[in-house]
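See below for the structure under consideration.
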Amino acid sequence: MTDNVRFVIGAGLKMYLAQRETIRWAERVAHIAGQHPAVSAGFVDLFVLPSFPALAPVAEVLAGTGVRVGAQDLFWEDRGAFTGEVSGADLAELGCSLVEVGHAERRRVLGETEEIVAAKTLAAFRNDLTPILCVGETQQLAPAAAGEECVRQLASATLPSRQQGLLTTMLIAYEPQWAIGAVEPAHPEYIVAVVRHLNDFIDGDSALAGSTVLYGGSAGPGLLPQVDGVVGGLFLGRSCHEPTALESVLDEAWQLV
Ligand code: PGA
């Protein structure tokens, strides 16, 4: 990342696209990023999170474009008898520089507890992967209560890393669970109010200095200008499946810098 970075924009593919579609998608993203001034001037730090099997080919397609590649999950141990799990050490070796931790779907569908999320956050730091820690309230609350809940989740997820002296700059994706997979994102005023709580917590915590809070949950073109100044970027889900929508978000970011 350069010092110019104004926005962090991420694209998480979940399990939506087939392998071949993912590679074609990455080729289009490489083309867009390669000619976009926001990316080439370093104002936008752009990352993509394909599924595990697509990580190596996508890293190859995006090599030299400045677009970073990360995984959607990792295991909390680095080596051992853990059938089917994926080590952060291997992700780093594959060329990942970041990894998503604690997405709402993993917490809800796969039963990831706060202890697991904290152990995975620690595993990310231990392997020099920047965690993209997902936090968010399950249902819409008063913004102050939602902010407190998100700060609580952030504090809980980072505790073991803090205790081991590994806590440092990271990405936090504020993703209200009720706005994921929805028709529209949370209201911009609500997003801004909640993210202010997270920013205040980060500002008061020297270990987290330089950390950025992104918004995710039905995010797409049109949102960034409405939350600029408080929110540090967007974490795109379905909207990025069409790379021209990602390009529109980059255009909006470029207008704001
Ligand atoms: P969505 O996904 O944009 O498709 O709602 C966002 C996310 O879960 O990160």
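The values are calculated or read from the model by the stated rules, or taken from the named source; none is laboratory data. These figures come from a predicted structure and were not determined experimentally. Methodologically, a virtual Cβ is constructed for each residue, glycine included, from the backbone with ideal geometry; neighbour enumeration extends over all protein chains shown.
Would you point out which residue out of Phe7, Phe43, Phe52 is touching a Lys or Arg at 6+ places or on another chain (Cβ under 8 Å) and surrounded by 14 or more Cβ atoms within 10 Å (Cβ to Cβ)? Steps first, please.
Details: Phe7 fails: touching a Lys or Arg at 6+ places or on another chain (Cβ under 8 Å); Phe52 fails: touching a Lys or Arg at 6+ places or on another chain (Cβ under 8 Å).
Result: Phe43 is the single residue among Phe7, Phe43, Phe52 that is touching a Lys or Arg at 6+ places or on another chain (Cβ under 8 Å) and surrounded by 14 or more Cβ atoms within 10 Å (Cβ to Cβ).
From the list Val194, Val183, Val249, which one is within 13 Å of the ligand (Cβ to nearest atom) and in a helix (DSSP H, G or I)?
Numbers: Val194 fails: within 13 Å of the ligand (Cβ to nearest atom); Val183 fails: in a helix (DSSP H, G or I).
Matching residue, one of Val194, Val183, Val249: Val249.
Collect the residues in the range 107-121 that are within 16 Å of the chain's Cα centre (by Cα) and either more than 22 Å from Gly216 (Cβ to Cβ) or within 16 Å of the ligand (Cβ to nearest atom) (or both), keeping them in residue-number order.
Arg107, Val117
For the subset of the range 87-106 comprising residues that are within 16 Å of the ligand (Cβ to nearest atom) and without any contact (Cβ under 8 Å) to a residue 60 or more places away in the chain, which member is surrounded by the most Cβ atoms within 10 Å (Cβ to Cβ)? Before you say what the answer is, go through the steps one by one.
Taking the range 87-106 first, the residues within 16 Å of the ligand (Cβ to nearest atom) are 98-106.
Filter again for without any contact (Cβ under 8 Å) to a residue 60 or more places away in the chain, leaving 99, 101-102, 106.
Numbers: Val99: 25, Val101: 30, Gly102: 27, Arg106: 18.
Among those that are within 16 Å of the ligand (Cβ to nearest atom) and without any contact (Cβ under 8 Å) to a residue 60 or more places away in the chain, it is Val101.
Could you check how many residues of the range 215-239 are surrounded by fewer than 24 Cβ atoms within 10 Å (Cβ to Cβ), near the ligand (Cβ under 10 Å from one of its atoms) and outside any loop (DSSP other than H, G, I, E, B)?
Within the range 215-239, residues that are surrounded by fewer than 24 Cβ atoms within 10 Å (Cβ to Cβ), near the ligand (Cβ under 10 Å from one of its atoms) and outside any loop (DSSP other than H, G, I, E, B) number 2.
Which condition does Thr130 not pass, out of (1) under 18 Å from the mean Cα position of the chain (by Cα); (2) within 16 Å of the ligand (Cβ to nearest atom); (3) of a type outside the set (D, E, K, R), if it passes all the others?
It fails just one condition, (2).
Where the second residue is hydrophobic (A, V, I, L, M, F, W, C) and within 12 Å of the ligand (Cβ to nearest atom) and the first is on the phi > 0 side of the Ramachandran plot and lies in the range 9-26, which pairs have Cβ atoms under 9 Å and are six or more apart or on separate chains?
Lys14/Leu49
Might you check whether a residue that is within 22 Å of Val230 (Cα to Cα) and either modelled with pLDDT under 95 or surrounded by 15 or more Cβ atoms within 10 Å (Cβ to Cβ) (or both) occurs anywhere in the range 68-86? Steps first, answer last, please.
Quick first cut of the range 68-86, residues within 22 Å of Val230 (Cα to Cα) only: none.
No, the range 68-86 contains no residue that is within 22 Å of Val230 (Cα to Cα) and either modelled with pLDDT under 95 or surrounded by 15 or more Cβ atoms within 10 Å (Cβ to Cβ) (or both).
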